[in-house]
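Student: Pasting in a structure now, in structure tokens, and then I'll have a few things to ask.
The values are calculated or read from the model by the stated rules, or taken from the named source; none is laboratory data. It should be emphasised that the depicted structure is a prediction, and the values quoted were computed from it without experimental measurement. All Cβ positions, glycine included, derive from the backbone under ideal geometry; neighbour counts span all protein chains shown.
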Amino acid sequence: MNNPYVDDKLIHFGFSLGVNFMGYGVTDTNEPVNGEIYHARVRNLMPGFSVGFITDLRLSRHLNLRFTPGLHFGQRTVTYKTESGAAVRGSEGNGPNTDILSLPITLPLYLKWSAEREKNYRPYLIFGGGASYDFGGQKERPLYQKKWDYFIDFGFGCDFYFRWFKFCPELKYQIGFANMLTPVSDRPELGKPDYFYTQALSRLRNQMITLIFNFE
């Protein structure tokens, strides 16, 4: 059995690398804007890159407290359509889409519950939450999200024990609570042809799926 006493350490550290898929929970206003009712959705989840640092505190045989700040690079494409089928046009060109670049740093705190170890693997569940601040975004874009968010995160993974370290693939789903939509009234730089990008929406909530590979 590899590394038999690694889980007995009170505190240990590590780092993580992975991929993310960012999306939004979108709520439409369903009210006319310039005589049209617009509906928006996130089109085609695109992979991004995630990197982080791990601090792990052993609470008991099966329970650990983890602080894992991370930086995530990603992009969302929001696409619009009208109920009438009319073409949607704005400063983005002929296409009814707008891209939102995101660079959030997340500050989550987790509880990790682990099953009994079986030889050189040990499955676990993880649950927690925290805050994030997005360094991305471009104010000149038609749709601009706020910076701060608060979220819950849950998932599962498995520790694989090697001679000198643990390798831990982990899949998580994150749900944000804040409405990230910046209203038109707070965007004096926005031209009137692009108002519909924001006015068609009442709420944007962050969502993210991450496939993380932890090295501890």
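Student: For the stretch 36-53, check the following and say yes or no: at least one residue is farther than 30 Å from LEU181 by Cα, charged (D, E, K, R) and outside any loop (DSSP other than H, G, I, E, B). Break it down into steps so the answer makes sense when it comes.
Tutor: So the first thing to find is which residues in the stretch 36-53 are farther than 30 Å from LEU181 by Cα, and the list is none.
No, because not a single residue in the stretch 36-53 is farther than 30 Å from LEU181 by Cα, charged (D, E, K, R) and outside any loop (DSSP other than H, G, I, E, B).
Student: Scan the stretch 176-216 for residues that are of a type in the set (Gly, Ala, Ser) and within 15 Å of VAL26 (Cα to Cα) and jot them down. Steps first, answer last, please.
Tutor: Step one: filter the stretch 176-216 for residues of a type in the set (Gly, Ala, Ser), giving 176, 178, 185, 191, 200, 202.
Within the stretch 176-216, GLY176, ALA178, ALA200, SER202 meet the criteria.
Student: Return yes when SER132 is assigned to a strand (DSSP E or B) and either touching a helix residue (DSSP H, G or I) at 6+ places or on another chain (Cβ under 8 Å) or surrounded by 17 or more Cβ atoms within 10 Å (Cβ to Cβ) (or both) and no when it is not.
Tutor: On the way: assigned to a strand (DSSP E or B): yes; either touching a helix residue (DSSP H, G or I) at 6+ places or on another chain (Cβ under 8 Å) or surrounded by 17 or more Cβ atoms within 10 Å (Cβ to Cβ) (or both): yes.
Yes.
Student: Of all the residues that make up the stretch 136-188, how many are farther than 14 Å from LEU204 by Cβ, small (Gly, Ala, Ser) and either modelled with pLDDT of 90 or more or part of a strand (DSSP E or B) (or both)?
Tutor: Counting residues in the stretch 136-188 that are farther than 14 Å from LEU204 by Cβ, small (Gly, Ala, Ser) and either modelled with pLDDT of 90 or more or part of a strand (DSSP E or B) (or both) gives 2.
Student: Within the stretch 80-97, take every residue that is surrounded by 12 or more Cβ atoms within 10 Å (Cβ to Cβ) and assigned to a strand (DSSP E or B) and give me the one that is modelled with the highest pLDDT.
Tutor: TYR80
Student: Follow-up question, since we're still on this one. What about THR77, is it within 25 Å of the chain's Cα centre (by Cα), among the β-branched types (Val, Ile, Thr), modelled with pLDDT under 90 and surrounded by 15 or more Cβ atoms within 10 Å (Cβ to Cβ)? Quick ask: steps written out before the conclusion?
Tutor: Working: within 25 Å of the chain's Cα centre (by Cα): yes; among the β-branched types (Val, Ile, Thr): yes; modelled with pLDDT under 90: yes; surrounded by 15 or more Cβ atoms within 10 Å (Cβ to Cβ): yes.
Yes: the conditions hold for THR77.
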